[in-house]
Each structure stands twice: as C-alpha cells, then as structure tokens.
Amino acid sequence: MNLDDGQIIEKYGNIMDKYFRTCSLMYPCPLSISFVRSLKWLPMIDKIPFDMCIFVPPSIAKTSNEKVTLIHSDMPEFEFTICHNYMNRYLHPKLNVFAIDVNIHASAIVGCDGVHPVYAPDGTFIHTKHMSYVDVKSKVCIGAGATIQRGVLLPTILDEGCYIDTLCNIGHQAIIGKYSIIASGAIIGGSCIIGDHCFVGLNATIKNGVHICDNVIIGQGSSVIKDIVDPGIYAGFPVRFIKPYDMYFLSR
C-alpha cells in the first residue's frame, strides 16, 4: 500500500505539525509519536510526564494522562510507520559507536538495515526505516562475514567482551550481554536479549524477541522459540533443559 506525500499530509499532517520525531515507548521522548500493540502498555502510558502522541489499538479506550494524545487504530504499527518513514525521509540513521579497543574483521558488516515489514490493510507491507545504530562496547570481537544490523528506534548493543564469530547474523535492536559468545553461523533475531556469560552454539537460531537470562549455554543447531529464565545448558529443536549451567563445560 503506497501513499503519496499529499495523502500522508492530508491524513497525518496535523499530528506531524505538533510532534517532531518518533520513538519507542520503552524510552519515551517529549513531543514524539509512538505506538503500542496491546493493553499491557497502558500503565506506562499513564505515567508519561510530557506531551506525546501514541497510536493504540481499540482495546486501550482511554488514558488518565492528560499529556498523552491517543489515536485509535486497528493497525497502530502501520499508521505509526507511515508517519515514521515520512518524518525521517530525508534524515540519515545515527552513526555507529565503537569503543577504541574492539577487534572487527574487515569483511564484517556493522550497521546495515534489518527486515522489519509492517503489513498494510490491503495485505502488502512497508519497510520501517532503521534510524538507530550499533553500539559496540569495549573488548568486543566480530569475526569474518558477520552481520550486525542497526536498530529501528533503539540501538543494537554488543556489550563488553562479547565475541561474535564468523558468519553470524545479529538482528536489529538485539542486545548481546557481557562476555557472551555467539558461535559461527548462529542467527539472533531482532530485539533478542542475550544475557551475560552465555554461549550460543554453531548454527543455533534464536527467535526474534526472545530473552535469555545470564549463564545459559545453547547447543549447536538448536532453536530457541521462547524465553529462557533459568541458567543451564539447553539443546534441541526447540530447546529443552539438559543440565545445570557449568562455566567450564565448553573447555572440556
């Protein structure tokens, strides 16, 4: 579904005249436009201390917060994305941030767009422009052919001392914890959070949005499709708990 500039201005012009940027509701900003998909965000909306405009589903009837303007929509993410892409059409994404002691192979790609399709009412989709960046902390290593995607609204973060092996893909807005290792060929979906001191084995896949706590080992070729909240060694397709975490397991 393609809307030309005139159609966008006609429908959303009044909103974009008052609010001058877009943001994630996880980190709200004054005079910004955001969106939510479900009722679980209402307590956060009620506490926002400044003016914002938020596209919301019909399940959020109203808010007690007089500073927040709610726009009801059956497809809040789609309408937000129309505004987001239009408002950022002439802007470049934020620059990546690198600590001075990182080790990145020349063939690694840091800061490319990921795939973030948002479906329209007619069944087509639009791509959400990625406006954030990759934050590479101290002592991080990134191997040959690895791909690290920039974030859409929030940064992708490679925390201190983590190691991204060859031919890995780290999705947009993912967070890789301190001194975690992502082995060759592993795929980390967008918005995943991998805790500290974790190991993701060869060719393992982590579904987008999954959270993995600290001190977890994922076996090679495994698939993680839901959150892991307890430390341990997990393997399988999908993964199941195998045994308690052993920090020396990989060195034996």
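What do the square roots of 5 times the Cα gyration tensor eigenvalues come to for segment 64-169, in whole Å, largest first, as semi-axes of the equivalent ellipsoid?
33, 17, 12
Express the Stokes-Einstein translational diffusion coefficient of segment 97-246 in µm² s⁻¹, to the nearest whole number, given a Kirkwood radius over alpha-carbon pairs, 20 °C and a viscosity of 1.002 mPa s.
Taking Rh from Cα pairs, D becomes 140 µm²/s.
For the charge dipole of the chain, defined by +1 on Lys and Arg C-beta atoms and -1 on Asp and Glu C-beta atoms about the Cα centroid, which residue among Gly13, Ile193, Gly221 has the Cα displaced farthest towards the positive pole?
So the residue we want is Gly221.
Order the peptides 228-240, 30-42, 154-166 from the highest to the lowest mean number of other Cβ atoms within 10 Å of their residues.
Ranked from most to least packed, the peptides come out as 154-166, 30-42, 228-240.
Show me the three semi-axes of the equivalent ellipsoid for segment 137-218, from the C-alpha gyration tensor (sqrt of 5 times each eigenvalue), largest first, rounded to whole Å.
Equivalent ellipsoid semi-axes, largest first: 15, 14, 13 Å.
Would you please give the FRET efficiency between Tyr119 and Phe249, computed as 1/(1 + (r/R0)^6) with r the Cβ-Cβ distance and R0 = 30 Å, to the nearest 0.05?
0.10
Compute the acute angle (0 to 90°) between the alpha-carbon long axis of helix 5-18 and the principal axis of greatest extent of the alpha-carbon atoms of the chain; round to the nearest 10°.
Helix 5-18 sits roughly 90 degrees off the main axis of the chain.
Roughly how big is segment 5-87's charge dipole about its Cα centre, with Cβ charges of +1 (Lys, Arg) and -1 (Asp, Glu), in debye to the nearest 20?
300 debye
Can you give the alpha-carbon Rg of the chain over 2.2 N^0.38 Å, where N counts its residues?
So the Cα radius of gyration is 1.11 times the expected 2.2 N^0.38 Å.
If a cysteine in the chain has no other Cys Cβ under 4.7 Å from its own Cβ, put it on the list, ordered by number.
By the Cβ distance rule, which asks for a partner under 4.7 Å, the isolated cysteines are Cys53, Cys83, Cys112, Cys141, Cys162, Cys168, Cys192, Cys198, Cys213.
Sort 193-206, 111-124 by packing, meaning the average of other beta carbons within 10 Å per residue, with the highest value first.
Descending packing order for the listed peptides: 193-206, 111-124.
Can you put Tyr86, Tyr19 in order, fewest other beta carbons within 10 Å first?
By the 10 Å Cβ count, ascending: Tyr86, Tyr19.
For segment 5-87, with equal point scatterers placed on the C-alpha atoms only and solvent neglected, what are the log10 I(q)/I(0) values from the Debye formula at q = 0.18, 0.21, 0.22 1/Å, to two decimals?
-0.68, -0.93, -1.02
Between segment 34-113 and segment 182-244, how far is it from one alpha carbon centroid to the other, in angstrom?
27 Å
Values quoted throughout were computed directly from the atomic coordinates according to the rules given, and no laboratory measurement underlies them. Small disclaimer: the values here were computed from a predicted structure and weren't measured. Because the Cβ atoms are built from the backbone with ideal geometry, glycine has one as well, and the counts that use them run over all protein chains shown.
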